[in-house]
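So that we are looking at the same thing, I have put the structure below in structure tokens.
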Amino acid sequence: MMFPDRLRLKLQRMAEEGLTRRLNVLDAGTGPVISYQGRPVILLSSNDYLGLAAHPSVVRAAVHATEQYGSGAGASRLISGTLPPHAALEAALASFKGTEAALLFSSGYLANLGTIPTLIDRGGLILADRLCHASLIDGCRLSGADFRIYRHRDSNHVESLLKRRTPGRPTLIVTDGLFSMDGDVAPLAELVSLANRYDALLYVDDAHGTGVMGATGRGTLEALAVEQEIPFHMGTLGKAFGSAGAYVVGSHALINYLVNTVRPFLFTTAPPPATAAAAHVALTIIQEEPQRRVRLWANRDYLFHGLRRLGFHLTETVSPILPIIVGDAQTAVAFSNQLLARGIYAPAVRPPTVPPGTSRIRVTVTSEHTTEQLEEALQAFEAVGQALRLI
Ligand SMILES: *Cc1c(COP(=O)(O)O)cnc(C)c1O
């Protein structure tokens, strides 16, 4: 196949800056220790925070749903793709979140890409946190609204932008609940109060918070005690839920509006019955086995304090996401490669996923890691950190 020179050049330039990536095939699936290139490695990059992707009941639910309903839904939700596992999961999610209704999407990316442009359009104004997830940014761009970035977690900056806008202009404030690459949380209480005061709509993406944050795992909104104030928000089922897909929750009226307007909901095949059934069982486990979150937070604290003690520079993380900022992309890649040589799988995260100059190793920990595994990981971090003169 022809590959135009200008595209070849573009890729070459990315390679020179250390920004090209390749796909790594893992020999075996999810878990605290996986197999990579024929040998066991400790996995410190998964978002399967509670170990539910491989949980026997979750897997069994997927198998049963496949046997009962087939491997694919066969049509979009509004044609003939809505099956009992979809409806049951939506009801369970609404009940979990204490909202009137919930709507299932094929992925969090599609939920954001589709929902934001139905909330605001050309003529409107969007204020988005500088570190918003790419799917939020893409949804904002697609809306055609004017789009301003505010400094990370800076509600004073949000207020100054709100004060300067043309009075009465439709406005949407967009933020992650728990930031995916930094592991810190948005100032949701302040954003709610600004949204109310300035008559703006707030859109919160709690992809990483759902199942993890809050006393009962309902997410960052629960952790920050703003659930009553923010009934409308989204999260994914591909992270702590160990499945795939995403949800938006809100009032009946709002969900009905989305059913009728969101193009990536209308014009895509419904999620497979297996993923919906798996996510439903995962939700039950999230509610019934709080000890998984207890183990997760104990592991998180162990690794966080261990890395700090070694002298690594971590961001102000308050979650199982532990980013070690090293600066340039090449150093991050060397860091990751040397960790891998020592049996630790923790990939480098580089621009455009994070801002230039903030390349990092993004470490995530799960409830399933043992203390021995975390200790082994810390020893590898110490050796590599010293070799690269980072500590
Ligand atoms: C992972 C993620 C998404 C995308 O969710 P998928 O279900 O994986 O498509 C959206 N927003 C944030 C903040 C994320 O971290």
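So how exposed is Lys239, as accessible area in Å² (1.4 Å probe, rounded to 10)?
40
Can you give the accessible area of Arg21 in Å² (nearest 10), computed on protein heavy atoms with a 1.4 Å probe?
The accessible area comes out at roughly 140 Å².
Can you tell me the alpha carbon radius of gyration of the chain divided by the globular rule-of-thumb value 2.2 N^0.38 Å?
Its radius of gyration relative to the 2.2 N^0.38 Å reference: 1.00.
Still on this structure, please answer the following. Please list the non-local residues whose amide H lies under 5 Å from the amide H of Met213, H modeled 1.01 Å from N, same-chain partners needing a gap of 5 or more.
Residues meeting the amide H criterion: Gly219, Thr220.
I would also like to ask the following. On average, how much accessible surface per residue is there in the chain, in Å², for a 1.4 Å probe, leaving out ligands, DNA and RNA?
44
Efficiency by 1/(1 + (r/R0)^6): what FRET value for Asn260 and Asn156, r their Cβ-Cβ distance, R0 = 51 Å, to the nearest 0.05?
The computed FRET efficiency comes out at 0.85.
Let me ask something else. Relative contact order of the chain: what whole-number percent is it, with Cα pairs under 8 angstrom and at least 6 residues apart?
About 22 percent, as a whole number.
Considering only the other residues whose Cβ falls under 12 Å of the Cβ of Asp176, what net charge follows from Lys and Arg at +1 and Asp and Glu at -1?
That sum, taken over residues with Cβ under 12 Å, equals -3.
Roughly speaking, to the nearest percent, how much of the range 283-345's 1.4 Å accessible area is carbon and sulfur?
52
For Asn196 and Gln12, compute 0.36 nm times the residue count separating them, minus their Cα-Cα distance, and round to one decimal in nm.
Extending this stretch completely gives an extra 61.4 nm.
Before anything else, pin down the relative contact order of the range 9-121: Cα pairs under 8 Å, at least 6 apart, normalised by residue count, whole percent.
Relative contact order of the range 9-121: 9 percent.
Still on this structure: Cβ under 9 Å from Leu104's Cβ, Leu104 left aside: what net charge do those residues give with Lys, Arg +1 and Asp, Glu -1?
0
May I ask which residue of Phe179, Leu254, Val58 lies farthest towards the positive end of the charge dipole of the range 56-288, with charges of +1 (Lys, Arg) and -1 (Asp, Glu) on Cβ and the Cα centre as origin?
About the Cα centre, the residue reaching furthest to the positive side is Leu254.
Could you size up the charge dipole of the range 56-288 around its Cα centre, putting +1 on the beta carbon of Lys and Arg and -1 on that of Asp and Glu, and report it in debye to the nearest 20?
540
On a full-extension model of 0.36 nm per residue, what is the gain between Arg130 and Val33, subtracting their alpha-carbon distance, rounded to one decimal in nm?
Additional length available on full extension: 31.5 nm.
Using heavy-atom solvent-accessible surface (probe 1.4 Å) with all chains present, what is the largest-first order of Asp154, Asp199?
Per-residue accessible area, sorted high to low, gives Asp199, Asp154.
Going from most exposed to least, what order do Tyr109, Tyr150, Tyr69, Tyr198 have by accessible area with a 1.4 Å probe?
Tyr109, Tyr69, Tyr198, Tyr150
Assign unit charges at the C-beta atoms only (+1 for Lys and Arg, -1 for Asp and Glu), then state the dipole size of the chain relative to its Cα centre in Debye, rounded to the nearest 20.
980
According to a simple spin-label model (label point 7 Å from Cα along Cα-to-Cβ), what is the distance in nm between Arg148 and His252?
The answer from the label model is 3.8 nm.
In the full protein assembly as shown, how much of Ile325 is accessible to a 1.4 Å probe, in Å² to the nearest 10?
40
Using alpha-carbon positions, what is the distance between the centroids of the range 19-36 and the range 174-215, in Å?
With the range 19-36 and the range 174-215 each reduced to a Cα centre, they are spaced 31 Å.
I've got another one for you. From largest accessible area down, sort Leu113, Leu224, Leu162; use a 1.4 Å probe on the protein chains.
Leu224, Leu113, Leu162
Round to a whole number: what % of the accessible area of the range 66-116 belongs to carbon and sulfur, probe 1.4 Å?
56
The values are calculated or read from the model by the stated rules, or taken from the named source; none is laboratory data. Owing to the predicted nature of the structure, the values given are computational and were not obtained by experimental measurement. Please note: Cβ atoms are built from the backbone with ideal geometry, for glycine as well, and neighbour counts cover all protein chains shown. When the accessible area is computed, the model is the full protein with side chains, heavy atoms only, and any ligands, DNA or RNA have been set aside. Shrake-Rupley method; radii C 1.70, N 1.55, O 1.52, S 1.80 Å.
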